[in-house]
Amino acid sequence: MILIKLGGSVVTDKSKPMTSRPEVIDRLAMELSKIPGPKIIIHGGGSFGHIKAKQYALHTGFTDESQREGICQVQNDMRALNRLIEESLRKAGVPVASIPAGAIATFDNGALASFPSDVFQHYLDIGITPISFGDVVMDRSRGISICSGDDIMLKLAADLKAEICIFVTAVDGIFPTYPPAEGQGPLPEIGRDDAVAFTVKDADVTGSMQRKLKLMFDIANLGTKVQIVNGLVPGRLADALSGKFVIGTVVRGD
Ligand code: IP8
């Protein structure tokens, strides 16, 4: 089984509220449709999730009644983005079923506590591609949390023993320094002990690049091949899916 995360920066323009990238979504859906075999698609929030989640401080738990409006808005916006991606995949011939994390997952103190991965397996068993996404979820001790698409990736990779996890981003991979030096390519491979000089401080509501990378190392540690590819370059995802060499970064387990 292949797990694919379409990052929020690929499927949306992160700088403009509620702005999707329909041409990119359609092309990625087409690339995904060419690959036979079981796959699960997860997507991030981008400008449909992070902007309002931050505004209403939803990542800090349920602390104020005024957050109710924010919870409903962000859940609604994420479903709107999901609908666009779902429609695009269906148009490309991929039978998909949407499984929102907010409806099935619980967190406890900011960490994933329950998630019924078997539901995804049942859809796969009848040849339907499940699609889920980062969402506002109920938290047993804090009221609410933001579940990242990356949290879902780790859980599904572990429970359903994914062979390959592909993180589709808006960059070529992980670079040794940030911002990348002129003409510098991405690291072809990265391990937990390799130093990367991240300078980007404004992490979004689901954490910094370091946190995302830590989750990727955790997935790689399961024995799953983890690859980061640039979804803005036509054909990269299709090539990665078919096992061809692509520019990108492979994340090594220990
Ligand atoms: O972009 C975040 O998911 P991510 C989802 O995968 C929300 O971290 C609601 C901000």
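The values are calculated or read from the model by the stated rules, or taken from the named source; none is laboratory data. Note that this is a predicted model, so its numbers are computed, not measured. Methodologically, a virtual Cβ is constructed for each residue, glycine included, from the backbone with ideal geometry; neighbour enumeration extends over all protein chains shown.
Some points to look at:
- Taking region 91-106 as the range and being in a strand (DSSP E or B) and out of contact with any Phe, Trp or Tyr (no Cβ under 7 Å at 6 or more places or on another chain) as the test, the residues that pass are 96, 98, 106.
- Flag if residue 62 is of a type outside the set (Ser, Thr, Tyr) and under 23 Å from residue 165 (Cβ atoms): no
- Residue 137 within 14 Å of the ligand (Cβ to nearest atom) and free of Cβ contacts under 8 Å to residues at least 40 places away in the same chain: yes
- Checking each residue of region 191-201 against the condition of being under 27 Å from residue 12 (Cβ atoms) and either touching a residue at least 60 places away in the same chain (Cβ under 8 Å) or surrounded by 18 or more Cβ atoms within 10 Å (Cβ to Cβ) (or both) gives no match.
- Applying the condition of being farther than 27 Å from residue 235 by Cα and of a type in the set (A, V, I, L, M, F, W, C) to region 197-223 and asking which residue is farthest from the ligand (Cβ to nearest atom) yields 197.
- Filter pass, residue 192 being under 26 Å from residue 250 (Cα atoms) and either within 13 Å of the ligand (Cβ to nearest atom) or not in a loop (DSSP other than H, G, I, E, B) (or both): no
- Test: residue in region 84-107 that is buried (at least 19 other Cβ atoms within 10 Å of the Cβ), in contact (Cβ under 8 Å) with a residue 24 or more places away in the chain and touching a His at 6+ places or on another chain (Cβ under 7 Å): yes
- Residue under evaluation residue 167, criteria (1) in a strand (DSSP E or B); (2) in contact with a helix residue (DSSP H, G or I) (Cβ under 6 Å, 6 or more places away or on another chain); (3) of a type outside the set (A, V, I, L, M), criterion not met: (2)
- Residue 97 being closer than 27 Å to residue 227 by Cα and either more than 13 Å from the ligand (Cβ to nearest atom) or among the hydroxyl-bearing types (Ser, Thr, Tyr) (or both): yes
- Among the residues of region 146-173, those that are of a type in the set (A, V, I, L, M), over 19 Å from residue 119 (Cβ atoms), in contact with a Lys or Arg (Cβ under 9 Å, 6 or more places away or on another chain) and within 13 Å of the ligand (Cβ to nearest atom) comprise 168, 170.
- Comparison of 5, 14 shows that the only residue that is under 20 Å from residue 168 (Cβ atoms), at pLDDT below 95 and within 13 Å of the ligand (Cβ to nearest atom) is 14.
- The criterion of being buried (at least 17 other Cβ atoms within 10 Å of the Cβ), over 30 Å from residue 236 (Cβ atoms) and within 14 Å of the ligand (Cβ to nearest atom) holds for residue 52.
- Residues in region 37-90 that are of a type in the set (A, V, I, L, M), more than 30 Å from residue 127 (Cβ to Cβ) and not in a helix (DSSP H, G or I): 1 in all.
- Residue in region 17-39 that is in contact (Cβ under 8 Å) with a residue 60 or more places away in the chain and touching a Gly at 6+ places or on another chain (Cβ under 6 Å) present: yes
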